[in-house]
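Taken together, the values in this text are just the output of simple stated rules run on the coordinates, not laboratory data. Because the structure is a prediction, the values reported are computed rather than measured. Cβ atoms come from the backbone with ideal geometry, glycine included; neighbour counts cover every protein chain shown.
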Amino acid sequence: MISRYLKIKLVAAAALFLTLVAFGNITAYDVNFAFVQGVMKMETIGKDPFLSWRAIDSNALHNVFYWIIIAWQVVAAAACWIGVWRLYRARKSGVLGFQRAKTAAIFGLGAGLLLYFLAFITIGGEWFAMWRSQIWNGQSASHMIVTAFGIVLIYLSMRDEDVRVE
């Protein structure tokens, strides 16, 4: 039973994290938009003809990309919160009942993990060479988030013990 409560709390922590990040991105739009814009413009990585051609200098595309990130965060957070609710309701169910209740949480955690792995580590980090920037480098934070979400996702996916309801 302790394992089930821990899984619920870890999913809730991920949901809260995603909620706060999305909230911050919406309420402090210009501050966080500057990060996305800085990464996509590639102005802080030095002039490298082998990389500089990848830069995107379109304010419209910067906004589109940023809104995709925000929408993705909102969807992942919502799925995690739904997962928390379903897991809590199924906490005293049998193994199959609790396992079925995991789907929304798994989707939300997977979406969060995919967001940071794809958008920040892969596209931002490798395509836009964010790793070369002293100013716009979110690689370390992204790796920590991917690691945390990955660990929670693996732990949540593990089969649970059967619970006796008395």
Legend entry - Considering residues of region 31-49 that are of a type outside the set (Val, Ile, Thr) and part of a loop (DSSP other than H, G, I, E, B) only, the residue surrounded by the fewest Cβ atoms within 10 Å (Cβ to Cβ): Pro49
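Which ones in region 25-54 are within 16 Å of the chain's Cα centre (by Cα) and closer than 25 Å to Glu126 by Cβ? So that I can check it myself, show each step before the final result.
Step one: list which residues in region 25-54 are within 16 Å of the chain's Cα centre (by Cα), which gives 25-26, 32, 36.
Result: Asn25, Asn32, Val36.
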Legend entry - Subset of region 1-24 [of a type in the set (D, E, K, R) and within 18 Å of the chain's Cα centre (by Cα)]: Lys7, Lys9
Inset, instruction - With respect to Leu87, determine if the residue is more than 17 Å from Trp136 (Cβ to Cβ) and buried (at least 17 other Cβ atoms within 10 Å of the Cβ). - result: yes
Legend entry - Any chance Arg4 is touching a Phe, Trp or Tyr at 6+ places or on another chain (Cβ under 8 Å) and in a loop (DSSP other than H, G, I, E, B): no
Inset, instruction - Spot the failing condition for Gly108; the list is (1) closer than 23 Å to Asp160 by Cβ; (2) exposed (fewer than 15 other Cβ atoms within 10 Å of the Cβ), and only one is missed. - result: (2)
